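Worksheet for the structure shown next.
The values are calculated or read from the model by the stated rules, or taken from the named source; none is laboratory data. Note that the structure is a prediction, hence the values are computed from the model and not measured. Here Cβ is always computed from backbone atoms with ideal geometry, including for glycine, and neighbour counts include all displayed protein chains. Areas reflect the complete protein model, heavy atoms only, side chains present, ligands, DNA and RNA absent. Shrake-Rupley method; radii C 1.70, N 1.55, O 1.52, S 1.80 Å.
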Amino acid sequence: MGRVLFGYTVVNLGCKVNRVEADGFERLLAERGGVPVGEAAADLIVVNTCTVTGEAEKKTRKAVRHALSTNDGARVVVTGCASELSSETFAAMDDRVVVVPKAGADLYLSELEMSGTAPCETPESFPASPADGRTRIGIKVQDGCDNACTYCIVHVARGRATSRPADEVVAEAVALAESGVREVVLTGINLGSYDDGGTDLTDLCRRLLTATADLHGAGEPPCRFRIGSIEPMDVTGEFVSLLAEAEGRICRHLHLPLQSGSSRVLREMARPYDAHEFRQLADFLRASVPSIALTTDIIVGFPGETDEDFEDTCALARHVGFSKIHVFPYSKREGTPAAARADQVPPEAKAARTARLRALSDELAAADRASRVGTVELALVETPETATAESYHEVPAPAGAKIGSLVPAKVG
Ligand code: SF4
């Protein structure tokens, strides 16, 4: 007896955590007999929404409208951060929209009555797991956040910090490594706060390294791990020691959200560190792990940000030598303390600072790359032509290298 065949599309917006959750929806729907198809042919469209910025929320609404207008028969399930905060807005868009709280989305999709184009046997090419055809797989190990940065609505949408049991995370990583995955990304909304009641992030990484050390073919490097993003205050001395000892099995690349290089602005953002502490952390990381690559997020035009504050941000970014800066022009998120402030930065000033910081990001990325030219890094082969080095720079894939494998590659 075959499963009911139906077509589905999962539209994902936002961060790495959303990506991992969307992979989970795809896996679940595939296990139920669904086949990924384009939106126009889908019986079910799932939109995993994002609310991190005004722009992200706009894209989210557009994605739902697009799903409704491209296909007038599909059910449209809307879940994720934006739908937690504005469920009525999405529900009012059409009778076919069902808003499902994120915490219940897996259950909802696994119990949803699906009848598709025709009942039939599962096709040979049935996608059994998102690992098929994907080179880098994320595992969500943590959700939610107990901080309350004054610009952020994500901690409201996601709720209090929770951590998945370490045993479960290790089992998932082992299964992925056994299936041939060579790079696993650990993700969470506030990953550094991971604590399953006895295991912190450093302990979890140690367990992951041990459990996957021997799950690879002769002559092949073992699977490696990449830390999705970690708040500066959560980087402990122990974690840095492990990063140094692990010899690349935990990628020597950290994404440390700086947000601003002005201590005054950081205080007003309620970030629990100042510019001096961030600088010290970056210096410590460079001294302990010399080949480390550092990337970051910076918000430009936070309320009250002056030209001088912005210059402090540029100076700190230069000092740290980020290899990539994700620049976010500040956008008001209703319900946050920063949105209520009267001293919003005029759009022209925000746009000019954004352009300058993006140019600086390009300059620093080129400088970081230039400092690595001629060195060899283990790189994950993503396409026949390209691979991603440990430092997260794109490098040419060696001729004939297998997609998904880890191979030594020269940074050019
Ligand atoms: S650390 Fe701050 S910005 Fe990040 S999710 Fe928590 S409250 Fe939001």
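When the helices of the chain are scored as -39500 (n - 2.57) per DSSP H run of n ≥ 4 and the total is divided over every residue, the value at 222 nm lands at -11000 deg cm²/dmol.
Among the GluC sites (Glu not before Pro) within region 186-272, those in coil by DSSP and having at most 11 neighbouring Cβ atoms inside 10 Å are 247.
Can you work out the FRET efficiency for the pair residue 87 and residue 218, with r the C-beta to C-beta distance and R0 = 41 Å, to the nearest 0.05? Don't skip to the end; give the middle numbers.
Details: r = 53 Å, r/R0 = 1.30.
So, using R0 = 41 Å, E works out to roughly 0.15.
Here the spin labels are modelled as points 7 Å beyond Cα on the Cα-Cβ line, and at residue 66 and residue 178 they lie 3.8 nm apart. Estimated at the nearest 10 Å², the accessible area of residue 274 is 50 Å² with a 1.4 Å probe.
Shape call for the chain from the C-alpha gyration tensor, a ≥ b ≥ c root eigenvalues: rounded (a/c under 1.5), prolate (a/b greater than b/c) or oblate?
Note, shape of the chain comes out oblate.
Under the shape rule built on the C-alpha gyration tensor, where the axes satisfy a ≥ b ≥ c, region 204-272 is prolate, since a/c reaches at least 1.5 and a/b is greater than b/c. Using heavy atoms of the protein chains and a probe of 1.4 Å, the accessible area assigned to residue 75 is about 80 Å². Listed values for region 32-39 are Karplus-derived 3J(HN,Hα) couplings in whole Hz (6.51 cos²θ - 1.76 cosθ + 1.60, θ = phi - 60°), namely 7, x, x, 10, x, 9, x, 4, and x replaces Gly and Pro. On the beta carbon distance between residue 283 and residue 307, with R0 = 45 Å, the FRET formula returns roughly 0.95. Accessible-area rank, largest first, for 20, 99: 99, 20, with all protein chains present and a 1.4 angstrom probe.
A Förster radius of 25 Å, combined with the Cβ-Cβ distance separating residue 168 from residue 403, puts the computed FRET efficiency at roughly 0.30.
Net charge near residue 321: determine it from the other residues with C-beta under 15 Å of the C-beta of residue 321, scoring Lys and Arg +1 and Asp and Glu -1.
Details: positive: 252, 279, 286, 318, 324, 369, 372; negative: 283, 362, 363, 368.
With Lys, Arg at +1 and Asp, Glu at -1, the net is +3.
Placing unit charges on each Cβ (+1 for Lys and Arg, -1 for Asp and Glu) gives region 1-67 a dipole about its Cα centre, and among 45, 64, 34 the Cα reaching farthest toward its positive end belongs to 64.
Taking 29 Å as the straight-line reach from the Cα of residue 324, the lysines in range (excluding those fewer than 8 positions away in the same chain) are 16, 58, 59, 62, 140, 332, 350, 402, 410.
For the chain, what is the charge dipole size about the Cα centre, in debye to the nearest 20, if Lys and Arg each add +1 at the Cβ and Asp and Glu each add -1 at the Cβ?
Working: 44 positive and 59 negative charges, 138 e Å.
My answer is approximately 660 debye.
Projected onto planes of every orientation and averaged, the convex hull of the alpha-carbon atoms in region 153-278 covers 8.7 nm².
Just reorder 15, 145 by solvent-accessible area, largest first, 1.4 Å probe, all chains present. Display every interim value, and only then the final one.
Numbers: 15 60, 145 25 Å².
If we order 15, 145 from most to least accessible, we get 15, 145.
Per atom type, the chain shows carbon and sulfur on 54% of its accessible surface, probed at 1.4 Å.
Rolling a 1.4 Å probe across the protein heavy atoms gives region 4-115 an accessible surface of 43 Å² per residue.
Per residue, the accessible area of region 221-360 comes to 40 Å², computed with a 1.4 Å probe over protein heavy atoms only. The residue among 225, 199, 314 whose Cα reaches farthest toward the positive pole of the charge dipole of region 136-377, with charges on the beta-carbon of Lys, Arg, Asp and Glu, is 314.
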